[in-house]
Amino acid sequence: MTPPHSDPRASRDNLPLAIGSILFSVLALSLGDALIKLTSSSFALWQIFFLRSLIAIPVLLILHRLSGKGASLRPIRGVWTILRSLLLVVMWVIYYTALPHLQLPVAAAAFYTLPFFITLFSALLLGDKISRVGWIAVAIGFVGILLILQPSASDFSVYALLPLISAMLYALAMILTRSKCQGEHPMTLAVGLNVSFVVVGGVMSLLVSLSPNATDGGFFLSQWSPMSGLAWLAMTILATSILIGSLGAAIAYQKGPPAIVGIFDFAYVGFAVIWGVVIIGEVPSMGAFAGIALITMAGALSVKRKSPDAKSAPGL
């Protein structure tokens, strides 16, 4: 019998699996994002969406079959699974739109304001209470954002705001993963997300091809580029990245409370700094480094409190 006020979801938690999954996921995703930034002048965004997931889906299906469990990939709660996938697709559209215009570590740090949004949405949607430490974390994080974005009238770029919007959407999707999609097979969520990428990428590619400005529309509105052997290699690496990321994030936020998993999700920022220096040759300014440090500190504070699942209602 479930004790009073306990969350039955906690009995299905596997924290070591959740932490290992999120660390492996952010390692793969940060590498993929660095490669996307590096090749943003070579591919159209919708070409990346379509081709990388078209490669990833058969691999996911093969892995599911080899697992031998025989579970159906049909979602139990189809509407919530579709909504989760669409939130993540829009999140990546917005984040990737910003990448060509921002240093990768700066974009990553701005995006990883997401624990603040997880804190806020846990309070609004799951009934969690924001403690004094939570509000202090929000204040520290806000200072960190100002140091990174440096919103002066002369050099402020609207692209710097896009990772913040992406963080909101990602936080909503992960709260949804925990509250409405925990009973789904992780493969179902991963396949659903990649099918959404293929559909959105295909539809947008078609619309762009009909646009008179498609030849000079930049990363967002360009025609597809020819695929050489090197281009297919890059796309295969991107497919591997999204395969690991989509499956690993689903497992992590199903098997661990968002507040705890969010701490380790922050490893993305560190990996982004490494890939930014090694692959792209980007070294953040001292102000940006200070902002990244403050946001990391604030994120750790914001999630270092009682898990929202301990006293939240099971609904969203």
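Here residue 86 clears all of (1) surrounded by 21 or more Cβ atoms within 10 Å (Cβ to Cβ); (2) closer than 27 Å to residue 225 by Cβ; (3) not β-branched (Val, Ile, Thr) except the condition numbered (1).
Kindly indicate the residue of segment 227-276 that is of a type in the set (S, T, N, Q) and in contact with a helix residue (DSSP H, G or I) (Cβ under 8 Å, 6 or more places away or on another chain) and also farthest from residue 58 (Cα to Cα) among those meeting that condition.
Just the residues of segment 227-276 that are of a type in the set (S, T, N, Q), to begin with: 228, 236, 240-241, 246, 254.
Cutting the leftovers down to in contact with a helix residue (DSSP H, G or I) (Cβ under 8 Å, 6 or more places away or on another chain) gives us 236, 240-241, 246, 254.
Values: 236: 13, 240: 12, 241: 15, 246: 14, 254: 23 Å.
By that ranking, first place goes to 254.
Of all the residues in segment 23-50, those that are closer than 16 Å to residue 91 by Cβ, in contact with a Phe, Trp or Tyr (Cβ under 8 Å, 6 or more places away or on another chain) and small (Gly, Ala, Ser) number 1. Of everything in segment 30-54 that is among the β-branched types (Val, Ile, Thr) and either buried (at least 20 other Cβ atoms within 10 Å of the Cβ) or closer than 8 Å to residue 201 by Cβ (or both), the residue that is nearest to the chain's Cα centre (by Cα) is 36. The set of residues in segment 47-88 that are farther than 27 Å from residue 222 by Cβ and among the basic types (Lys, Arg) comprises 65, 69, 74, 77, 84. Among the residues of segment 60-88, those that are within 20 Å of residue 179 (Cβ to Cβ) and touching a residue at least 40 places away in the same chain (Cβ under 8 Å) comprise 75, 76, 77, 80, 81, 82, 83, 84, 85, 86, 87, 88.
Out of curiosity, is residue 57 free of Cβ contacts under 8 Å to residues at least 12 places away in the same chain and either in contact with a strand residue (DSSP E or B) (Cβ under 6 Å, 6 or more places away or on another chain) or closer than 16 Å to residue 240 by Cα (or both)? For residue 57, the condition - free of Cβ contacts under 8 Å to residues at least 12 places away in the same chain and either in contact with a strand residue (DSSP E or B) (Cβ under 6 Å, 6 or more places away or on another chain) or closer than 16 Å to residue 240 by Cα (or both) - is not met.
Values quoted throughout were computed directly from the atomic coordinates according to the rules given, and no laboratory measurement underlies them. The shown structure was predicted, so the numbers you read here are calculated from the model rather than taken from an experiment. Please note: Cβ atoms are built from the backbone with ideal geometry, for glycine as well, and neighbour counts cover all protein chains shown.
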